[in-house]
Amino acid sequence: MVASAWEWLRGKKPLVDAFFALAVLFFSLPTLLAGPAQIGAGYYLLLTLLLTGPLVLRRTFPRTVFGFVALVSFVQCVLGAMPIPANVAVLMGLYTVTAGCTFRWGLAAAVVGEIGAGMATYRYPQGADDRRLTFVLMTVLVAGVYVLGLHMRTRRAYLRSVEERAERLERERDNEVKVAMAAERARIARELHDVVAHNVSVIVVQADGASYAIETDVGRARQALDTISSTGRVALAEMRRLLGVLRENDDAGAYAPQPGVAQLDDLVEQVRAAGLAVAFEVDGTPAIMSEGRQLTVYRIVQEALTNTLKHGGPRVSVSVRLRYAGDALDVRVVDDGRGAAAPDDGHGHGLAGMRERVAVYGGTVHAGPRAGGGFEVAASLPVREEVAA
């Protein structure tokens, strides 16, 4: 409660400064009520307000406020008006400039305060000994306020450095925790990968055994199928745990269906709606492929069309061709855009990701400018796992 109130007050500088200005004004009331009759209380009231009023903004505009109250005190001294309690505003301004501004501004304010001390000492009538004592006392007062301001300035700088160091250490600790969590997730993923791979191997062996025994030994075939069922459930559960580990901080689209070859028509229509002329054709009889392979084909075409939109230039056209040739699928995306003349911002990783996706399934990909102009992406992907092996 106290800490929150203090933080609130730290953000309300004029309000806190107004409290101190009211204190100075209250301290000046006896002088206002008992001022010399020949000058009048109105003069003292005006002078007091001129000295205490700017203190409301002393931390908001420290140099301006100090210069104003110093100027008012200078005019007061030149006119021969006697000092009043509100002249303490000069010392308050000196402290604020020294504590809140640079060292040079603080030193300049101290010099102005010392000049004012000398003027006040020799402007008002008093004995020689009294003048020396007054000058020494006022010099000590100015120097003390200046040293106090320097001390507070150094202390605030130290506290800021401590806070920054604490924040930096906290960020480093959070980063270390994130790195440790990532390393642990990677270790768990490797372990679960081994478990899943083992279970899948068991399923394959049992399936082969069941296929051989289904006609000669129905009981053994049924036992193999039961083993496949239980092992598949375990593998599925471990796979879900693996995906949960890897997607702990990636919830976006975790359960969205992944696109495949059937969604290429929609992709082409989207690109056409964006203003790109696209010709799409499919040769051969479409083969049955796994969802992962279909997703790879979709991403290849998507990345190639995206690059054409970004770098192809105006009035560019592109052709997308899928050719099913036996056990392989050939994907070819060709445009007539800028080709090698297209600017490269150095931030693209799509082609590298494309190669990684194709390499997972034992395929090949080539992407680069064409000799006659334009850009070409050509990929060949096995449609079944045994073909890649």
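We did not get these values from a lab; they are worked out from the coordinates using the rules stated. Remember, predicted model here, so these are calculated numbers, not experimental data. Every residue, glycine among them, receives a Cβ derived from its backbone with ideal geometry; neighbour counts consider all protein chains shown.
A Förster radius of 30 Å, combined with the Cβ-Cβ distance separating residue 160 from residue 22, puts the computed FRET efficiency at roughly 0.50. Of all DSSP bridge pairs formed entirely within segment 261-388, close to 75 percent run antiparallel. Peptides 80-90, 365-375 ranked from most to least packed by the mean count of surrounding Cβ atoms within 10 Å: 80-90, 365-375. With R₀ fixed at 41 Å, the C-beta to C-beta distance from residue 291 to residue 170 puts the FRET efficiency at about 0.40.
What is the packing order of peptides 332-338, 56-62, taking the mean over residues of other C-beta atoms within 10 Å and listing the highest first?
On the way: 332-338: 21.7, 56-62: 17.9.
Final packing ranking: 332-338, 56-62.
Would you mind calculating the gained length between residue 279 and residue 59 on full extension (0.36 nm times residue separation, minus the Cα-Cα distance), in nm to one decimal? Let's see the in-between values first.
Numbers: separation 220, 0.36 × 220 = 79.20 nm, distance 6.93 nm.
That pair, residue 279 and residue 59, stretches by 72.3 nm at full extension.
Here segment 285-333 is treated with +1 on each Lys and Arg Cβ and -1 on each Asp and Glu Cβ, and its dipole about the Cα centre works out to around 240 debye. Please give me the summed charge of the neighbours of residue 150: other residues whose Cβ is under 14 Å from its Cβ, Lys and Arg +1, Asp and Glu -1. Net local charge, residue 150 excluded: +4. Each listed q (0.13, 0.17, 0.25 Å⁻¹) maps to a log10 I(q)/I(0) for segment 39-107 from the Debye sum over equal C-alpha point scatterers, namely -0.35, -0.57, -1.04.
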